[in-house]
Amino acid sequence: MTITTHRPFDARTDDILRQLVEGGQYKHLQTLTSPMDATVRLRGSDGSEREVVCLCSNNYLGLANHPEVVEAGIEGLRKYGAGTASVRFICGTFEPHEKLEELIARYMGTPSAYTFVSCWTANEALYPTFAEPGDILISDELNHACIIDGIRLASTMKKGVHKTVYKHADLDNLEEKLKAAQNNDEVTGQAWVVTDGVFSMEGDIADLPALRALCDKYDAMLVVDDSHGHGVMGARGRGTHEHFGMVDHLDGHHDDTDENGRVDYFTGTLGKALGGGAGGFIAGDKRGTELIVQRGRPTLFSNALPVTVACSAAKAIEILLREPERVQQLKDNTAYARRKITGAGFEVIDSPTAICPIIVGDTAKAISMSKRLLELGVFVIGFGYPVVPEGHARLRIQISAAHTTEHIDALVDALKKL
Ligand SMILES: *Cc1c(COP(=O)(O)O)cnc(C)c1O
């Protein structure tokens, strides 16, 4: 007997996928057959493989395949096995977690840190755990998707947690929101200002000292997700707070002369510049990380960061602390790339970060340009709607300390052929 049913999901999903293909917005996954590095091997749809220059990874410091990072992971695997088989508070906290968290705190200049399987998870833990009814979460409109979702989750899980959005990097608009919150009888608790440090699609940075000043004026807390800033910004790659002179416990030494104040809590990823492979963290005062340990649902009910990954991540941070010249190399490479790309007649959004977006406008155009670049041996991704607003599609070029001038020249030569 055959049962025929009409299942709404099947028909509507086929429709969505067809529309994406017709609109030139369908994403094809590219499969790597080599480690992540300045160049990578890609497998084509016909099964053939070729080497291309990789200019779209977050491997900013070239640590993803660093021999010491790889070796640290293997040693961790041998010593502690593959699985944690537990959440942190039951029996899933291992020595390498402790070591990694101490290292992150030292690197970030914060009193404490706590890890997650991803930064996505860290944000999903932070907002619903920190916010209580009567609080308001005030978020930059270009914040990363996981901040947006974390805030939505907080306001859904706890009735009475308010949320609002301010125009991107617009301090006047933010102050209006803070004032409105102050005058709102329902906002009786804590105000939170939430921002990316480095914005992933524009490559621009948040004005942290100005945000701090506004937060102080309105007794608000400042939370910064610096996933694209860690390892990139500041002389030693600590992040956007270092760029602005806001590191307050540099190498464990409290610095009272710091006139720009500090960030209350950070979230960040271990899967970008800090090339351990994956993982995320919250860094800041101990009372906040303790509250997360006690109350954060993603850490109470989901496995700990795999130990082997914690070992790799710790090694990556050790290398960064030991070799700050990697950060300078990244800055030099980025300056070189920006100069050459501009010289070739393309417009790059200006910023001090390693993200160099070339705005092309139409989504389909961005996708077809990146396809052509790949044929020319240069791996760059075109981002369009809905990742960025309609009409603002772009090629997002990401520079790494691992690139040589030849790699960047190859990019510019390919761009010239478009
Ligand atoms: C990339 C990114 C994330 C996601 O980090 P994962 O560790 O991969 O989950 C979170 N926040 C921001 C701002 C990011 O740029």
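Derivation of every value follows stated rules applied to the coordinates shown; laboratory data play no part. Not measured: the values here are computed from a predicted model. Cβ atoms come from the backbone with ideal geometry, glycine included; neighbour counts cover every protein chain shown.
Per DSSP helix of 4 or more residues, -39500 (n - 2.57); summed, then divided by the residues of the chain. What does that give at 222 nm, rounded to the nearest 500? Don't skip to the answer; put the middle values down first.
Details: 14 runs with 169 residues, N = 418.
So the helix-based figure for the chain works out to -12500 deg cm²/dmol.
By per-residue mean of other Cβ atoms within 10 Å, what is the highest-first order of 233-246, 163-176?
In decreasing order of mean packing, 233-246, 163-176 become 233-246, 163-176.
Which ³J(HN,Hα) values, rounded to whole Hz and listed in residue order, are derived for the stretch 383-389 from phi using the Karplus coefficients 6.51, -1.76 and 1.60 in 6.51 cos²θ - 1.76 cosθ + 1.60 with θ = phi - 60°, glycine and proline given as x?
Using θ = phi - 60°, the values come out as 10, x, 4, x, 5, 10, x Hz.
Sort 109-118, 183-192 for me by packing, meaning the mean count of neighbouring Cβ atoms within 10 Å per residue, highest on top.
Order by mean packing, descending: 109-118, 183-192.
Rounded to a whole number, what is D in µm²/s for the chain from Stokes-Einstein with the Kirkwood radius over alpha-carbon pairs (4 °C, 1.567 mPa s)? Mind showing how you got there, number by number?
Working: Rh = 22.6 Å.
It diffuses with D of about 57 µm²/s by this estimate.
Quickly rank 6-18, 347-359, 395-407 as a protection proxy: mean count of other C-beta atoms within 10 Å, highest first. Mind dumping the intermediate values first?
Numbers: 6-18: 9.2, 347-359: 19.6, 395-407: 21.5.
Highest to lowest by the protection proxy: 395-407, 347-359, 6-18.
Please list, in order along the stretch 131-137, the HN-Hα scalar couplings obtained from phi with the Karplus expression 6.51 cos²θ - 1.76 cosθ + 1.60 (θ = phi - 60°), rounded to whole Hz, x for Gly and Pro.
Karplus values, whole Hz, x for Gly and Pro: 7, 10, x, x, 7, 9, 9.
For each of 138, 282, count neighbouring Cβ atoms within 10 Å of the residue's Cβ, then give the residues from fewest to most.
The order, fewest Cβ neighbours first, is 138, 282.
In Å and from the alpha-carbon atoms only, list the Rg and Dmax of the stretch 107-258.
Every Cα atom of the stretch 107-258 included, Rg and Dmax give 15.2, 44 Å.
Most mobile of 229, 268, 203 per a Gaussian network model of the chain (Cα springs, under 10 Å)?
The residue with the greatest mean-square fluctuation here is 203.
Between residue 13 and residue 26, what length in nm is gained on full extension when 0.36 nm per residue of separation is reduced by their alpha carbon distance? Before the final figure, lay out the partial values.
Working: separation 13, 0.36 × 13 = 4.68 nm, distance 1.33 nm.
Full-extension gain reported as 3.4 nm.
Residues in the stretch 352-378, backbone N under 14 Å from the label point at residue 260 (7 Å along the Cα-to-beta-carbon vector): list them, ranges by number please.
352-353
Suppose each label sits 7 Å from its Cα in the direction of the beta carbon; what would the residue 34-residue 5 distance come out to in nanometres?
Reported label-point gap for residue 34 and residue 5 is 4.8 nm.
Which cross-chain or sequence-distant (5 or more) residues have an amide H under 5 Å from the amide H of residue 362, H modelled 1.01 Å from N in plane?
Answer set, sorted by chain and number: 393.
Mark the label point 7 Å from the Cα of residue 68 along Cα→Cβ and return the residues of the stretch 265-304 whose backbone N is within less than 16 Å of it.
274-277
Chymotrypsin sites (Phe, Trp or Tyr not before Pro) within the stretch 20-113: which are DSSP loop residues with at most 14 other Cβ atoms inside 10 Å?
When the chymotrypsin sites (Phe, Trp or Tyr not before Pro) of the stretch 20-113 are filtered for loop state and at most 14 Cβ neighbours within 10 Å, 26, 89 remain.
At 20 °C and 1.002 mPa s, grab the translational diffusion coefficient of the stretch 321-382 from Stokes-Einstein with a Kirkwood Rh over Cα pairs, rounded to a whole number in µm² per second.
Answer, rounded: 162 µm²/s.
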